[in-house]
Amino acid sequence: MPPYKNLKAWEHAQQLAIECVKAARRFPDYEQDGLANQFRRAAYSIPTNIAEGSAKKGSREYKRYLDIAAGSLAELETILGIAKELGYVAPADFTRLDTLATETGKTLYGLLRKIGGAATKGERTEASS
């Protein structure tokens, strides 16, 4: 099994992406090429950058990909809030997705701290958070 599949951050991000893509399908037709597409792209970016970063040599490079994933998570959370306010996401779905995003953020930022410490020391850490 690839090492990223053992990461809680990747597991949460993967589940978040799947749930957000399902939610984006329910956006109005006129938003499918706009907000829904951007929502999907941000959602996909989080687990894929965690996975890609874990395959890189060196913790600085790994951290760079985790930083990109964190940026995509912030983008996703922003779009989720906009979608809620526009009525594209039901309140119960928003709560569920927001909870998943929060959990993803906690594990992602924990992994970033762990990898960031290794990057400043100049060594690669095999993280299993």
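Computed from these coordinates, which is Rg/Rh (Cα atoms, Kirkwood Rh): [x] 1.06; [y] 1.03; [z] 0.91?
[y]
What figure, in Å² to the nearest 10, do you get for the accessible area of Glu19 with a 1.4 Å probe and non-protein molecules left out?
Approximately 30 Å² for this residue.
Let me know the charge dipole size of the chain about its Cα centre in debye, to the nearest 20, where only the beta-carbon of Lys, Arg (+1) and Asp, Glu (-1) is charged.
600 debye
Mind checking the per residue accessible area of the chain for me, 1.4 Å probe, whole number of Å²?
Each residue of the chain exposes 52 Å² on average to a 1.4 Å probe.
Exposed loop sites here are trypsin sites (Lys or Arg not before Pro) in DSSP loop states with at most 13 other C-beta atoms within 10 Å. What is the longest stretch of the chain lacking them?
The reported range is 58-129.
In nm, to one decimal, how far is the modelled label at Ala90 from the one at Lys56, with both set 7 Å along Cα→Cβ?
4.0 nm
Given the protein chains as shown and a 1.4 Å probe, how many square angstrom of Glu52 are accessible, to the nearest 10?
80 Å²
Between Glu31 and Lys5, what is the spin-label point distance in nm, taking each point 7 Å from the Cα along the Cα→C-beta axis?
So the label points at Glu31 and Lys5 sit 3.5 nm apart.
Quick one: compute the contact order of the chain, relative version, from alpha carbon pairs under 8 angstrom and 6+ residues apart, as a percent.
Computed value for the chain: 34 percent relative contact order.
Output the 0 to 90 degree angle, nearest 10, between the alpha-carbon long axis of helix 35-54 and the longest principal axis computed from the alpha carbons of the chain.
Value to nearest ten degrees: 10.
The values are calculated or read from the model by the stated rules, or taken from the named source; none is laboratory data. All values reported here derive from a predicted model rather than from experimental measurement. Neighbour counts are summed over all protein chains in view; Cβ atoms, including those assigned to glycine, are modelled from backbone coordinates with ideal geometry. Protein only, heavy atoms only, side chains kept; ligands, DNA and RNA dropped before computing areas. Shrake-Rupley method; radii C 1.70, N 1.55, O 1.52, S 1.80 Å.
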